[in-house]
Amino acid sequence: MKDYGYKLCYKKQGKEKLKIYIITNSYDLANFHIRWYAKHSPPDKTLLDVTWVIIPIKSYAEYKRLWRNVPF
């Protein structure tokens with residue numbers, strides 16, 4: 001099975017829907033983003049009581065759909 005990248009998602013306390021925070025190419029980079037956000041998050045946009053989930057992108061079609069709207 002080939003992984004095309006990873007979606008770093010979070011779920012707020014009491015909610016069921018996962019929201020995508022960032023899309024990365026490696027699992028280590030996704031873990032880095034979780035640690036970075038805990039230390040350097042903006043004071044007005046702090047996500048308290050969230051559960052972080054790293055989900056692999058498993059199909060080429062999903063990979064292309066997710067990267068379609070990336071602004072850079």
Check which residues have an amide H placed less than 5 Å from Gly5's amide H, if you skip close sequence neighbours. Ile57
With θ taken as phi - 60° and the coefficients 6.51, -1.76 and 1.60, list the Karplus ³J(HN,Hα) couplings across the stretch 12-27 in order, rounded to whole Hz; mark glycine and proline as x. 6, 4, x, 10, 9, 7, 8, 10, 6, 8, 7, 10, 10, 8, 9, 5
Could you report the accessible area of Lys2 in Å², rounded to 10, computed with a 1.4 Å probe on the protein chains as they sit in the structure? 130 Å²
Ignoring ligands, DNA and RNA, how do Thr24, Thr51 rank by accessible area with a 1.4 Å probe, largest first? Thr51, Thr24
Matching label, Cα extents along the principal axes in Å computed from the structure shown, candidates [x] 36, 25, 24; [y] 36, 26, 19; [z] 54, 17, 15: [x]
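Tell me what the chain gives for mean residue ellipticity at 222 nm when only DSSP H runs of n ≥ 4 count, each as -39,500 (n - 2.57), the sum divided by the residue total, rounded to 500 deg cm²/dmol.
The per-residue figure over the chain is -9000 deg cm²/dmol.
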Phi angles of the stretch 28-37, converted by Karplus (6.51 cos²θ - 1.76 cosθ + 1.60, θ = phi - 60°) into ³J(HN,Hα) in whole Hz with x for Gly and Pro, give 5, 5, 5, 5, 4, 5, 5, 5, 5, 5
Given H placed on each backbone N at 1.01 Å, which residues far from Ile22 in sequence or on other chains put an amide H within less than 5 Å of it? Leu8
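The values are calculated or read from the model by the stated rules, or taken from the named source; none is laboratory data. A quick note: this is a predicted structure, and the numbers were derived from the prediction, not measured. Areas reflect the complete protein model, heavy atoms only, side chains present, ligands, DNA and RNA absent. Shrake-Rupley method; radii C 1.70, N 1.55, O 1.52, S 1.80 Å.
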